[in-house]
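The values are calculated or read from the model by the stated rules, or taken from the named source; none is laboratory data. Remember, predicted model here, so these are calculated numbers, not experimental data. Because the Cβ atoms are built from the backbone with ideal geometry, glycine has one as well, and the counts that use them run over all protein chains shown. For the accessible areas, the whole protein counts, side chains as well, though only heavy atoms, and no ligand, DNA or RNA atoms are used. Shrake-Rupley method; radii C 1.70, N 1.55, O 1.52, S 1.80 Å.
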Amino acid sequence: MTAWPKSIWGWAAGVFQASDTVQAMVVRQPDLSSRLTFLLGAQECLAMDRFAVTGGRPLQGSVEAASAKNSVLPILAACILTEEPCTIDAVPQLEDVATMLRLLQSMGIRVSSTGRTVTVEASGKPASEAPYDIVRKMRAGYYVLGPLLGRCGRAKVSLPGGCAIGARPVDLHLKGARALGAAIDIEHGYIDARATGMRGATMVLEGTNGPSVGATINTMMAAVLTQGETVIQGAAAEPEVADVAGFLCSMGAVVEGASTPLVRIHGVKKLHGTSYRPVPDRIEVGTLAVAAALTRGQVEITGCRPDHLAAPIEVLRHAGAEVETGPDRLMVKAKDRPRPFNITTAPYPGFPTDLQAQFMTLASLAEGTSTIEENIFEARFMHAMELDRMGARVAVKGSVAVVTGVKRLSAAQVMASDLRASAALVLAGLACEGTTEILRIYHLDRGYEKLEEKLATLGARVERVRK
Ligand code: EPU
């Protein structure tokens, strides 16, 4: 790791007029080149769309959940596993989805879409390289590794690098591929993997922070066309893992136990085309549920899976919200200031790290002190500083944030550091009087489909200010 001399950093921060949040994010980057790239990226973002959120209104009404981004991305990559066309319905219009489709196209794969229905046809031999230019925009680009290895026996995928929420290593993805017999070199910033005679194997894919969603899915995708039986112990049990397994099975794969810590895959020779609709996005649903509770409104979310949200629903109820659930609908209603609560993020079915930031906004307005412990990603509290700028009282020490609730937040200009942090700031804006301006909302567009329109149907005033 190259140390960045203080004098240079001070100079760069001044020249680029970097805010405290950007400075804090820059110093987390592992080396000088990553720091400069991040800083320049942050400057580009200042010239991007922003949100003006005028809050203080209870949200009312009904909205439909989108499909889960974290299912759709690996499912699109999994289409590489067959030469026949695969049709995916209800694909959300997200920046990350557009990036994944661009990545597939850059590999010579045919992609067409009608509305939210996307067809991917990987006939012929896809190119085996996923370039840095695309993967740096979206970590999920590494999901082409497993399918390329399984189908073509070769994959050259750019290492994605760290991001604002932590280091995000890929050692478990590589462990899975190596266990199947792939030879892997890391060279010039790329994972260069060759499958010479891969065979099913038994492996443990759990790291120090628990199971890995990405490594479980990537290994499953590599194993479905690999001869023999593969057993993944310590597998992630998130609903998106089960959803990708469901998609693979609809192509003729044999995958058992997805959604448990032990996944068993029986390799088959060939997969066929399919049509599939991914599961609803539990994180979008959770975000909208917090919006209802925070603004003391009443919101119904249809087309969702409340059973995927047991832990967050329990916290919402503890915080004083009324939550009604049906098999595919959720209704959240709140009248009073939230009660304080304690959460600890954990792998599914524990409280999801992807809702931690949004619940921090809820805790900011609670009548008392809440604690939030983040156990999945080491740097996922960047939103705390921005919430503080809006009058919240958050003290972060290591992996724990102590949030002392205040009566009201105040509108400010704030900067989003990552996808879920952006959502937390939108929620804060909805809960306070005045207009909050949120910069760098390209993060939101990566993972929430037209959030401003969805919130507007519930009576919120969220304006996209185009640059
Ligand atoms: N980890 C390793 N080695 C690896 C992979 C992961 O040590 O090779 C560690 C991570 O650093 C982390 C923990 O394992 O501490 C869990 O990471 P995981 O691999 O499960 O995360 P991911 O697959 O990279 C997905 C979602 C994230 C979500 C996490 C956890 C996608 C595209 N991303 O990431 O979603 O937070 O699972 O549920 O599916 C988001 O949507 O905002 C988002 C960040």
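Within the range 202-247, the residues that satisfy the criterion of being more than 10 Å from the ligand (Cβ to nearest atom), open to solvent by 10 Å² or more (accessible area, probe 1.4 Å) and polar (S, T, N, Q) are THR202, GLN227, GLN233. Listed by first and then second residue, the pairs linking a residue in the range 205-222 that is in contact (Cβ under 8 Å) with a residue 60 or more places away in the chain to a residue that is near the ligand (Cβ under 8 Å from one of its atoms) and not basic (Lys, Arg), with Cβ atoms under 6 Å apart and 6 or more places separating them unless they lie on different chains, are ASN209/ILE376; GLY210/PRO347; PRO211/ALA236; PRO211/PRO347; VAL213/ALA236; VAL213/GLU238; ILE217/PRO74; ASN218/HIS173.
Of LEU73, LEU159, LEU145, all but one fail to be within 15 Å of the ligand (Cβ to nearest atom) and within 27 Å of ASP328 (Cβ to Cβ); the exception is LEU73.
Taking the listed residues GLY297, GLY326, the one that is surrounded by fewer than 20 Cβ atoms within 10 Å (Cβ to Cβ) and away from the ligand (no atom under 14 Å from the Cβ) is GLY326, with no other qualifying. Only one entry in MET390, MET382, MET415 is more than 16 Å from the ligand (Cβ to nearest atom) and within 20 Å of the chain's Cα centre (by Cα), namely MET415.
For the range 329-350, the set of residues classified as within 21 Å of ARG380 (Cα to Cα) and open to solvent by 10 Å² or more (accessible area, probe 1.4 Å) consists of PRO340, ASN342, THR344, ALA346, PRO347, TYR348, PRO349, GLY350, listed by residue number. Look at the range 452-467: where a residue is within 13 Å of LEU288 (Cβ to Cβ) and without any contact (Cβ under 8 Å) to a residue 12 or more places away in the chain and a partner is outside any helix (DSSP H, G or I) and open to solvent by less than 30 Å² (accessible area, probe 1.4 Å), sitting 6+ places away or on another chain with Cβ atoms under 9 Å, you get GLU453/VAL462; ALA456/VAL462. Comparison of ALA140, ALA179, ALA167 shows that the only residue that is closer than 24 Å to ALA379 by Cβ, of a type in the set (Gly, Ala, Ser) and open to solvent by 30 Å² or more (accessible area, probe 1.4 Å) is ALA167. Restricting LEU174, LEU180 to residues that are within 10 Å of the ligand (Cβ to nearest atom) and over 19 Å from LEU73 (Cβ atoms) narrows the list to LEU174. Check the range 272-294 and report whether any residue there is within 16 Å of the ligand (Cβ to nearest atom) and of a type in the set (Asp, Glu). Checked against the condition, which is being within 16 Å of the ligand (Cβ to nearest atom) and of a type in the set (Asp, Glu), the range 272-294 yields at least one hit. Each residue in the range 182-199 was checked for being open to solvent by 60 Å² or more (accessible area, probe 1.4 Å) and in contact with a Lys or Arg (Cβ under 6 Å, 6 or more places away or on another chain), and 1 pass. Out of THR371, THR302, THR344, THR353, I need the residue that is touching an Asp or Glu at 6+ places or on another chain (Cβ under 7 Å), over 25 Å from PRO58 (Cβ atoms), outside the structural domain of GLY210 (by TED's automatic domain parsing) and more than 13 Å from the ligand (Cβ to nearest atom). Which one? After applying the criteria, what remains is THR344. Look at the range 103-115: where a residue is assigned by TED's automatic domain parsing to the domain that holds SER128 and a partner is open to solvent by 60 Å² or more (accessible area, probe 1.4 Å), sitting 6+ places away or on another chain with Cβ atoms under 6 Å, you get VAL111/GLN105. The residues of the range 270-294 that are under 27 Å from ARG408 (Cβ atoms) and open to solvent by 10 Å² or more (accessible area, probe 1.4 Å) amount to a single one, LEU294. Among the residues of the range 249-277, the ones that are closer than 27 Å to THR117 by Cα, among the charged types (D, E, K, R) and touching a Leu at 6+ places or on another chain (Cβ under 8 Å) come to 1 in all.
Hey, among the residues in the range 74-108 that are in a loop (DSSP other than H, G, I, E, B) and closer than 25 Å to ILE441 by Cβ, which one's most open to solvent (accessible area, probe 1.4 Å)? Filtering first and then ranking leaves GLN93.
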